[in-house]
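Working notes, beginning with the structure itself.
The values are calculated or read from the model by the stated rules, or taken from the named source; none is laboratory data. Just so it is clear, the model here is predicted, and its values are computed rather than measured. Because the Cβ atoms are built from the backbone with ideal geometry, glycine has one as well, and the counts that use them run over all protein chains shown.
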Amino acid sequence: MDRKSFIKNSLLAVGGFYFLQSNLFHAAQPAIKQEKNIDAPIIIIGSGYGGAVSALRLCEAGKKVVMLEMGMNWGKSGIPYSNLLKPDKSAGWLKTKTIAPFFNIFSLKPFTGVLDRLDFEHINIWVGRGVGGGSLVNGGMAVTPKESYFKEVFPNLDSDKFYNIYFPRARQELKVNIISEEFLKECPFYKFTRVGEEEAHKAGFKTMRIPNVYDFSYMEKEYKNEVPRSAFNTEVIYGNNHGKNSLDKTYLQKALDTGNLEILDLHSVDEINVNQDKSYTLKVHQIDTLGKTIAEKTFNCKKLIVAAGTMGTLKLLLKSNAVNNLPIPENLGKNWGNNGNFMTGRNWVKPLSGGTGAKQSTIPVAGVDNWNDPEHPFFAEIAPLPMGMDVATALYLQINRVDKKGSVYYVDDNLKVNWDASNTQKMRENADYFIKKMNRANGGTRAHLLFDNGFGANICYHPLGGCVLGEATNEFGKLKNHDHLFVLDGSLIPGTIGVNPFVTIVALTEYCIENLIQNNEFA
Ligand code: FAE
């Protein structure tokens, strides 16, 4: 047999085997549907804060919008969320075990659940999956950044406009409210907050009240058992069945009410292509709730908003550049950070006087504000640890400056993060200072029971940056090298904003989309 006929015969043999195999395979599996050339004038990828705000303002302006979201439409599905003490399949994105920051002792059935964790070498990043994005799983803390820091982070933005127009607009649309001091004083579910504040004051720190999107009038009714419990039933990072004004109840509901928005859930965008006429074609796969592909689709649009959250947006743009040569600016992926997230805690907190409380609300309402200390500037959320029993432990999510930024890149079919212990060194020093000062004044030890060495340096809830406003985009979020592609989400913020970020993401998107619409970018 000569070489040519060997290759031919081998290919036939392999082909025959493949044919037989794939026929058997197809007999057992439902066929994957192919749908090509679905046209939509404007597509938004992602239904978190950036996507939801963009959708509402475009729909109000009379534009038809299609939104593609890889997670489920929880409201429509009728599937309830589960709580921290009894997690079920809805708690994790296609995982076999729970993925909370600690105590992952629960097995899960793989399902397109609401919380996902992206694991990198030195950092684990949590994100929300579903119609509403991060708003479904987050603690609802609605914090406006300090104006001086906002100016430092965004020197080119008109901060007066932000503090007079866009931040108030964001807070109003998100239904931000504040717990009543009377209720806080008497409610046993907030002992952890009262102890946290008392101890902080004794150690010489200032504290601040933190607004939230959880409806505190609902919470007061929960307390009296007049309505089903959610915050008082350990519901939060696996979703809240009641009480929380997540985006599906605010921005997205308003956008749907215009009749101009169509949301396609369980639709994951894989790649973006730009066409010669400057329109976009998206490769998308639709999955079932087990994560199996049930349809492969191609969408075409004239205008594209990428709002897949910092990590989702960076992955889509960097991957599309690697596989399709999608033009991207040189600095895409740069100026990225963890918003200074650093988790820490203390064990043996008031063990003789009931500790931090057996029953705890999942909704944080207070923080330690040490931002103006020139040596150790930080903000620390006094976080709940609702374990169903008193564990005499205080938990803090510290937010620090990000002195050394990281970057995100795409290599060998994978997203990678350039980030190691050197990026969190100063945050560790701040945590050490804070915990030592608290323990000296109040007793207690560093929380070795929660984290290695008492420090959770690798825990990140707030990935930000990589597609920074005015650097990788123009002044209103249009990606450089593009005429009709806009990025509107947390990736616009250069790695740090000094407080929990969603109010800023909403305000920035309100600002960008208002200007983009006024400039006829969606005409
Ligand atoms: P995000 O809300 O993440 O939405 C992006 C959406 O895009 C998601 O629904 C994704 O499923 C979807 N998506 C991604 N890739 C694709 C794709 N290829 N195809 C289709 N869809 C895709 O983005 N922030 C606060 O301000 N206060 C808090 O109390 C707070 N607590 C938090 C607690 C936890 C556990 C976590 C994880 C986060 C918390 N955050 C908090 C952060 C906040 O939720 C986050 O900054 C925002 O959700 C980010 O908003 P984006 O619009 O950037």
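Okay, here's what the table says:
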| quantity | calculated |
| --- | --- |
| Subset of the stretch 424-458 [surrounded by 20 or more Cβ atoms within 10 Å (Cβ to Cβ), assigned to a loop (DSSP other than H, G, I, E, B) and either aliphatic (A, V, I, L, M) or without any contact (Cβ under 8 Å) to a residue 40 or more places away in the chain (or both)] | Ala447, Leu450, Ala457 |
| Subset of the stretch 476-503 (residues that are under 23 Å from Ala366 (Cβ atoms), near the ligand (Cβ under 8 Å from one of its atoms) and among the polar types (S, T, N, Q)) | Asn500 |
| Residue match in the stretch 96-108 (condition: on the phi > 0 side of the Ramachandran plot, surrounded by fewer than 21 Cβ atoms within 10 Å (Cβ to Cβ) and of a type in the set (Phe, Trp, Tyr)) | yes |
| Restricting the stretch 134-169 to residues that are out of contact with any Asp or Glu (no Cβ under 8 Å at 6 or more places or on another chain) and among the small types (Gly, Ala, Ser), the residue that is nearest to Ile45 (Cα to Cα) | Gly134 |
| First in the stretch 259-279 and in a loop (DSSP other than H, G, I, E, B), second anywhere and within 14 Å of the ligand (Cβ to nearest atom) and of a type in the set (Val, Ile, Thr), Cβ under 6 Å, 6 or more apart | Asp265/Val131; Leu266/Ile287 |
| Some residue of the stretch 75-84 being within 16 Å of the chain's Cα centre (by Cα), closer than 30 Å to Glu510 by Cα and in contact (Cβ under 8 Å) with a residue 24 or more places away in the chain | no |
| Single match in Asn260, Asn233, Asn275 (criterion: away from the ligand (no atom under 13 Å from the Cβ), at pLDDT 95 or above and touching a Cys at 6+ places or on another chain (Cβ under 8 Å)) | Asn260 |
| Test: residue in the stretch 136-143 that is part of a helix (DSSP H, G or I) and either surrounded by 21 or more Cβ atoms within 10 Å (Cβ to Cβ) or of a type outside the set (Lys, Arg) (or both) | yes |
| Scan of the stretch 37-66 for residues that are near the ligand (Cβ under 9 Å from one of its atoms) and in a strand (DSSP E or B), ordered by number | Ile45 |
| Close pairs from the stretch 308-325: first near the ligand (Cβ under 10 Å from one of its atoms), partner of a type in the set (S, T, N, Q), Cβ under 6 Å, at least 6 apart | Thr310/Ser491; Thr313/Ser491 |
